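One structure follows; several queries about it will come next.
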Amino acid sequence: MLLSRGSDGRSAVRRVLRRIVCSVALLAFPIAGAGQPDSPAPRELYLEVFVNGRAMNLVTRFTDHGNGLLVADADELRNSGILPDAAARRGEVRLDQLPGLRWDLDEAAQTISFEATDTALAPHVVSARPAPRPYEGEEGAVDSGFGLVLNYALDFEAVTADGSATDTTAAGAFEARLFLPLGAMTYGFALTEDEVAGLRHRRLETYWRSAFPGRAVQVQIGDFTTRGPSWTRPVRLGGLLVERNFSLRPDLVTIPLPSFAGSAAVPSAVEVYSNSIRTYATEVPAGPFTLTDLPLASGSGEAQVIVRDITGRETRVDLPFLVSSDLLRPGVADYAFALGAPRLGMGTDDDHYADDLFGAATFRIGVSEALTLHGHVEAGPDLRMGGLGATFRLGTLGTSTFSYARSRSDQGDGQLAELSGKLSFGRLQASGRLMRSWGDFSDIAAVTAEPGLAGDPASPLTRLGQISLTMPLSGPGGAAASLFAADTRRADGSADTSLGLAYSRPVLDGGTLSLSALTVRGQTSDTVLGLGLHVPLGKRGYAGSTLERRNDGFRLAATASGGNRDRQRGYDWRVQASREEATSLRANLGLNGRYGRAELGAQFSDRSRSLGLRLDGSVAVAGGGVFLTRRIQDSFAVVDAGAAGVEVKSENRLVGRTGRSGRLLVPDLRGYERNVLSIDPSTLPLDAAIGSTRQTVRPAYHSGARVDFGVEANPAGAMIVLVDAGGLPLDVGGGVQINGRDDGLLVG
């Protein structure tokens, strides 16, 4: 009972306190609001923006809180030409808190006019990079098809030595491809035949590759080679590889490009020059502006920016820049993930895969325009290895990279460190590399090596030092000098030290005179002094001679060569005479044609004579036909022009005429890039109906596509003249009805 009464008492006290608080609040409310009108509800206004009397051609959203308080989003305000406060780069910004800014709001006209000082203006940003093309949908579609390709290189040689019988050999290197819309299968192999061993077959690389161009990713199943930073050793694996391939997206800019910030008092034209060549031009409005992604050549240099206003007055500004492929744009990532069995002794009788699986992964990402990070790991049975590194931008001088890695394997524990750099000091170009390992640093190549196996990788480096200096002594294409030095130490105790000097200068109206000296000390010691002279021989040839002095004597060689202007069609020749331990003479005559290349070679010396023939080309089954053509390195297209003898051009360059079937295979296309093909309508039959004369094709890697120009060589057609009952032509624009059709037509 006492507990019950106590609880009732406390509840009564709480009720009284609540009433007192509510009464005080009700009394205080009118006092606090006395003399203050009710605040209006915020309103959203969509206003056309004018800055310093110039229309920005933009409608921006503002929020009116009453009493002259306007608020806008920071990003929208920046796009309108007004610079948000440095402390409020994101989110809502109060206009009355921005220094150097005044405005006039005309709500009836739905406009807002700003008067801003230069410090309050947001720079007008112009990107020199072309807008990336869509890689999804029709415009981004890859032109793919079905077909077979066989690249071949056949060699036949007959050799006669001193007093012995003639020995004949035949060999061939082949690359067979099967391509589908899903990807391409590649099978490489070699065939050799001689009088002793007979016919032998050796498999080279075999793999299936599928690509995803929109994401710049490719997947490869089969044989491949791992990749990683400079301190890693690539190895051949058979398995699965997933990697970034930026060549699938040639429209993407993956490295940081220079930018320029300036200001124009009036609307002006801006031009950017590099090495006296205009690389970019645009127009900017009055006020501050920024040019981004300027297309300047790789390396370190100095560009010139010219700002020219409407009166013709020019302002020239020097722009030091650095463009390096060692850096990635902020947020851009490059990677490769591999899993497979090491392939050992490739191309030999001991060719086989190891029993164990190994994995390797490498990753790079751009953190800022001046910093790129990378990492690399390798793992497998009794192997754990990983390393991290960073590439730094050193102003406009160059870049420097530092890496550190550790490993643990059944061979022991080890560490590795590397420091490298590429620098420019005016006209002097310098590069260097220092690498050092401690303990038993191991990788896949080390733990899978089989002693005595042909093709076994060299003993790993334990110390490496390299430096290279290059200095032009005059303008572009003039005299230049270079210095190279290297020192290496390997785990097996071998060591080599080398030092080289070179000098070259132009002579005799297009010729080159070169001097060189190289000394090597270590397992193979030698000193080489060289003198070379090369001069033009007509418009498509050259002649040259070299003289070398080595430890074992002199070597003298003279060479002359020439050929047709069209490197893809016509002949070429080469003659070389040399004198070393014996005198030898070698001559080659080649013919490049529509169906491939044939080369005949002969060699004569004091001890032997030889005669050889090489046939190089491709056989393709695609686009509804079988074609003999030049070697297909990457991609190709089968053009259907609808008639024989039609001239076909690739990038405005004549590549051939269609055959009797009206088709022509065009090799040498660039995979995943836009290739422009066209036909000459003047070479079509007079009665041909032309669909189009110019098309763009984007074939996949190692694949072909069919390009149909929609030409009808013998179209079935008739001319109809519409007249009235009196035989007079009908008025243009009138309507007619054709029997059997519901829709009407207009008289043309």
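Only one residue in Val676, Val707 is under 23 Å from Ile632 (Cα atoms), at pLDDT 85 or above and surrounded by 22 or more Cβ atoms within 10 Å (Cβ to Cβ), so which one is that?
Exactly one residue qualifies, and that residue is Val707.
Hey, another quick one. Could you list, in sequence order, the residues of the stretch 639-696 that are among the acidic types (Asp, Glu) and in contact with a helix residue (DSSP H, G or I) (Cβ under 7 Å, 6 or more places away or on another chain)? Break it down stepwise before answering.
Going residue by residue through the stretch 639-696, those that are among the acidic types (Asp, Glu) are 640, 647, 651, 668, 673, 680, 687.
Within the stretch 639-696, just Glu647 meets the criteria.
Identify all residues within the stretch 199-215 that are of a type in the set (Gly, Ala, Ser) and within 21 Å of Leu148 (Cα to Cα); write none if there are none.
Of everything in the stretch 199-215, those that are of a type in the set (Gly, Ala, Ser) and within 21 Å of Leu148 (Cα to Cα) turn out to be Ser210, Ala211.
For the stretch 600-618, does any single residue satisfy the condition of being modelled with pLDDT under 95, more than 22 Å from Thr169 (Cα to Cα) and either in a loop (DSSP other than H, G, I, E, B) or among the β-branched types (Val, Ile, Thr) (or both)?
no
Taking the stretch 619-636 only, how many residues are under 19 Å from Asp668 (Cβ atoms) and assigned to a strand (DSSP E or B)?
Of the residues in the stretch 619-636, 10 are under 19 Å from Asp668 (Cβ atoms) and assigned to a strand (DSSP E or B).
Does any residue in the stretch 393-417 that is acidic (Asp, Glu) come within less than 8 Å, Cβ to Cβ, of a residue that is surrounded by fewer than 21 Cβ atoms within 10 Å (Cβ to Cβ) and modelled with pLDDT under 95 six or more places away or on a different chain, and which pairs are these?
Matching pairs, first to second residue: Asp410/Asp382; Asp413/Gly439; Asp413/Asp440.
I'd like to check something: does the stretch 583-604 contain any residue that is surrounded by fewer than 16 Cβ atoms within 10 Å (Cβ to Cβ) and under 30 Å from Asp687 (Cβ atoms)?
No, every residue in the stretch 583-604 fails to be surrounded by fewer than 16 Cβ atoms within 10 Å (Cβ to Cβ) and under 30 Å from Asp687 (Cβ atoms).
Working carefully through the options Ala211, Ala170, Ala184, Ala158, find the one that is in a strand (DSSP E or B), surrounded by 16 or more Cβ atoms within 10 Å (Cβ to Cβ) and out of contact with any His (no Cβ under 9 Å at 6 or more places or on another chain).
Ala211
Conditions (1) over 45 Å from the mean Cα position of the chain (by Cα); (2) over 30 Å from Ser247 (Cβ atoms); (3) among the charged types (D, E, K, R), marked per residue:
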| site | (1), (2), (3) |
| --- | --- |
| Asp668 | no, no, yes |
| Val676 | no, no, no |
| Ser682 | no, yes, no |
| Val697 | no, no, no |
| His702 | no, no, no |
| Glu712 | no, yes, yes |
| Leu722 | yes, yes, no |
| Gly727 | yes, yes, no |
| Val732 | yes, yes, no |
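Among the residues that make up the stretch 87-97, is at least one of them surrounded by 12 or more Cβ atoms within 10 Å (Cβ to Cβ) and in contact with a His (Cβ under 7 Å, 6 or more places away or on another chain)?
Within the stretch 87-97, not a single residue is surrounded by 12 or more Cβ atoms within 10 Å (Cβ to Cβ) and in contact with a His (Cβ under 7 Å, 6 or more places away or on another chain).
Find the residue count for the stretch 696-710, including only residues that are of a type in the set (Ser, Thr, Tyr) and in a strand (DSSP E or B).
1
May I ask you to list the residues in the stretch 663-693 that are in contact with a strand residue (DSSP E or B) (Cβ under 6 Å, 6 or more places away or on another chain), part of a loop (DSSP other than H, G, I, E, B) and not acidic (Asp, Glu)? Before the answer, list the steps.
First, the residues of the stretch 663-693 that are in contact with a strand residue (DSSP E or B) (Cβ under 6 Å, 6 or more places away or on another chain): 663-667, 669, 671, 674-680, 683, 689, 693.
Those left that are additionally part of a loop (DSSP other than H, G, I, E, B): 671, 674, 680, 693.
Those that are in contact with a strand residue (DSSP E or B) (Cβ under 6 Å, 6 or more places away or on another chain), part of a loop (DSSP other than H, G, I, E, B) and not acidic (Asp, Glu): Gly671, Arg674, Thr693.
Tell me which residues, restricted to the stretch 358-367, are out of contact with any helix residue (DSSP H, G or I) (no Cβ under 6 Å at 6 or more places or on another chain) and surrounded by 15 or more Cβ atoms within 10 Å (Cβ to Cβ).
Scanning the stretch 358-367 gives Gly359, Ala360, Ala361, Thr362, Phe363, Arg364, Ile365, Gly366.
Condition check ((1) buried (at least 17 other Cβ atoms within 10 Å of the Cβ); (2) modelled with pLDDT of 90 or more; (3) closer than 30 Å to Gln218 by Cα; (4) touching a His at 6+ places or on another chain (Cβ under 6 Å)) across all residues:
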{"site": "Gly239", "(1), (2), (3), (4)": "yes, yes, yes, no"}
{"site": "Glu243", "(1), (2), (3), (4)": "yes, yes, yes, no"}
{"site": "Arg249", "(1), (2), (3), (4)": "yes, no, yes, no"}
{"site": "Ala261", "(1), (2), (3), (4)": "no, no, no, no"}
{"site": "Val266", "(1), (2), (3), (4)": "no, no, no, no"}
{"site": "Val272", "(1), (2), (3), (4)": "yes, yes, no, no"}
{"site": "Ala286", "(1), (2), (3), (4)": "yes, no, no, no"}
{"site": "Ala297", "(1), (2), (3), (4)": "no, no, yes, no"}
{"site": "Val317", "(1), (2), (3), (4)": "no, yes, no, no"}
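For residues that are under 38 Å from the mean Cα position of the chain (by Cα) and at pLDDT 90 or above, tally how many sit in the stretch 577-594.
5
Only residues that are buried (at least 16 other Cβ atoms within 10 Å of the Cβ) and not small (Gly, Ala, Ser): list them for the stretch 485-497, please.
If the condition is that a residue be buried (at least 16 other Cβ atoms within 10 Å of the Cβ) and not small (Gly, Ala, Ser), then Asp487, Thr488, Arg489, Arg490 are the ones that fit.
For every residue, the table says whether it meets (1) closer than 18 Å to Val284 by Cα; (2) among the β-branched types (Val, Ile, Thr); (3) at pLDDT 85 or above.
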site: Arg54; (1), (2), (3): yes, no, no
site: Ala72; (1), (2), (3): no, no, yes
site: Asp75; (1), (2), (3): no, no, no
site: Ala88; (1), (2), (3): no, no, no
site: Asp104; (1), (2), (3): no, no, yes
site: Glu139; (1), (2), (3): no, no, no
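Checking Ala641 against (1) under 21 Å from Gly172 (Cβ atoms); (2) surrounded by 19 or more Cβ atoms within 10 Å (Cβ to Cβ), only one condition comes out false. Which one?
(1)
Go over the candidates Ala390, Ala379 one by one and state the one that is of a type in the set (Gly, Ala, Ser), in contact with a strand residue (DSSP E or B) (Cβ under 6 Å, 6 or more places away or on another chain) and farther than 22 Å from Leu328 by Cα.
Only one candidate qualifies: Ala379.
The values are calculated or read from the model by the stated rules, or taken from the named source; none is laboratory data. Worth saying up front: this structure is predicted, and the values here are computed from it rather than measured. Every residue, glycine as well, gets a Cβ built from its backbone with ideal geometry; the counts of neighbours run over all protein chains shown.
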